[in-house]
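The values are calculated or read from the model by the stated rules, or taken from the named source; none is laboratory data. The model shown is predicted, which means the values in this text are computed figures rather than measured ones. So basically every Cβ, Gly included, is an ideal-geometry build from the backbone, and we count neighbours across all protein chains shown.
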Amino acid sequence: MAAKISPARGHDRRRLGYLSAAAVFAIGMAGTTLPTPLYGLYRQELGFSELMVTLVFAAYAVGVIVTLLVAGNYSDEAGRRPVLLYALGLSALSAGCFLLEGGLPLLFAGRVLSGFSAGLLSGVGTVTVLELAPSERKRRAGLAATAANMGGLGCGPLLAGLLAEYAPLPLVLPFLAHLVLLSFACAIVLLLPETVEHPRRLPPLKPQGLSVPPDIRGVFVPCALAAFAGFALLGLFTSIAPSFVSETLGVTNHATAGLVVFTVFLGSTIGQVLVGRMPVGRALPLGCLVLVGGLLLVGASLWTESMPLLVAGAVCGGLGQGMAFRAGLTAVSDAAPPAHRGGTISSFFVVAYTGISLPVVGVGALTLSLGLVGAGLTFTVCATVLAAATGLYLLRHPPTAPSPSAS
């Protein structure tokens, strides 16, 4: 006779399920930032400019945006487990491109594939964690998904920096280590229960495009601008900051560069956790103003060439980015009509990931004429003005959902 699982035992398995899904989410996201502290080594080996570093980095954002537009809701039909495996497979292919690295084409290919992976994971990873959690643990599951997303992004450069500094083969071992972690993640996915009833095998892709209902644009635009400014800061740290640490501050330790990048994602995680404890209408402008404080500290660190100020700016800026991002996403989700919620949220993410790419490419271009410090100061001034103006606007016009009659 088949053994029955007691309710308590089944509850434990479900709890382990959402924690295991969070671990898979974190491992996948770590691969997207793994090359961050290694760009200096690639520059030495291949001899390209800071502008090319930002273009290689921006290729990742292009991959994310394309995936969000083309396959943002693919797991709703194909099932969570297959899409998780697709995302992990794309991450493995990205690692393979870096391992076979023989020039810029493979670096670009690796970053685009990494963007495809992150575009799938950002949606399916979050949904899988939430769906596998028992009803009484939904809040904890939301925090687990947030920590897995931003924590994974932060752990990527930390892992790569430690291995590049204290282990042999600095351009090989980080990606081999990630491939090992990906194999464990795939094994976990195969053990997770499928939460989509009757998933279809290889359903056709249905490009979504951008969709924001006219009556919620008053909420969407300032929230999206706040996300744009916050993600621009993340882009700066994950592309240019390691070069500033090594070339301007003279700190050539790759682990230190990875740790600096880790701090901005740690701050973002803490900021997103704090938002759950305050009203969105207060958290959103406050997050923008905290982001302004972080940007000012980053600008001061560039001006004075100070490592402590850079770390303080990373923590403060990450804190503000996390608060503004989660509060903005919540406000947009609450304001959007149910029939248009998926497309509206995808549009929000597209604006955010545009912020992680275009401003950073601009900084890379400015380094050719202004140098690293001058380009960084120009970036901080522009981002500070945008974040401050958005925060002040939101203080005077808190985001509110339209009335049912208006929608």
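Per the listing Leu93, Leu163, Leu153, the residue uniquely surrounded by 24 or more Cβ atoms within 10 Å (Cβ to Cβ) and without any contact (Cβ under 8 Å) to a residue 60 or more places away in the chain is Leu163. Checked against the criterion of being at negative phi and modelled with pLDDT under 90, the candidates Leu210, Leu225, Leu259, Leu266 yield just one match: Leu210. Of the residues examined, Leu182 is not one that is assigned to a helix (DSSP H, G or I) and either free of Cβ contacts under 8 Å to residues at least 24 places away in the same chain or over 23 Å from Gly123 (Cβ atoms) (or both). In region 345-370, the residues that are within 14 Å of Phe325 (Cα to Cα) reach residues that are outside any helix (DSSP H, G or I) and hydroxyl-bearing (Ser, Thr, Tyr) with C-beta atoms within less than 7 angstrom, at least six apart or across chains, in these pairs: Ser347/Ser211. Could you tell me which residue of region 97-114 is surrounded by the most Cβ atoms within 10 Å (Cβ to Cβ), considering only residues that are in a helix (DSSP H, G or I), in contact (Cβ under 8 Å) with a residue 60 or more places away in the chain and touching a Leu at 6+ places or on another chain (Cβ under 9 Å)? Out of the qualifying residues, it is Ser114.
Scanning region 123-132 for residues that are surrounded by 23 or more Cβ atoms within 10 Å (Cβ to Cβ) and modelled with pLDDT under 85 yields a single hit, Gly123. Among the residues of region 368-389, are any modelled with pLDDT of 85 or more, assigned by TED's automatic domain parsing to the domain that holds Gly299 and on the phi > 0 side of the Ramachandran plot? Within region 368-389, one or more residues are modelled with pLDDT of 85 or more, assigned by TED's automatic domain parsing to the domain that holds Gly299 and on the phi > 0 side of the Ramachandran plot.
Within the span defined as region 315-332, every residue fails to be in the same structural domain as Ala283 (by TED's automatic domain parsing), over 23 Å from the mean Cα position of the chain (by Cα) and not small (Gly, Ala, Ser). In the set Val261, Val315, Val251, Val311, which member is among the β-branched types (Val, Ile, Thr), surrounded by 24 or more Cβ atoms within 10 Å (Cβ to Cβ) and either closer than 15 Å to Leu38 by Cα or touching a residue at least 12 places away in the same chain (Cβ under 8 Å) (or both)? Every option except Val261 fails the conditions.
Look at (1) in a helix (DSSP H, G or I); (2) closer than 21 Å to Gly115 by Cα and you find that Leu171 fails only one, number (1). For region 272-294, the count of residues that are assigned to a helix (DSSP H, G or I) and under 15 Å from the mean Cα position of the chain (by Cα) is at least one.
With respect to the conditions (1) under 15 Å from the mean Cα position of the chain (by Cα); (2) not assigned by TED's automatic domain parsing to the domain that holds Leu394, Ser239 lacks only one, and its number is (2).
Only one entry of Ala78, Ala58 meets the criterion of being crowded, with 18+ Cβ neighbours inside 10 Å and over 18 Å from the mean Cα position of the chain (by Cα), and that entry is Ala78. Being within 24 Å of the chain's Cα centre (by Cα), in a helix (DSSP H, G or I) and modelled with pLDDT of 90 or more is a description that applies to Ala232.
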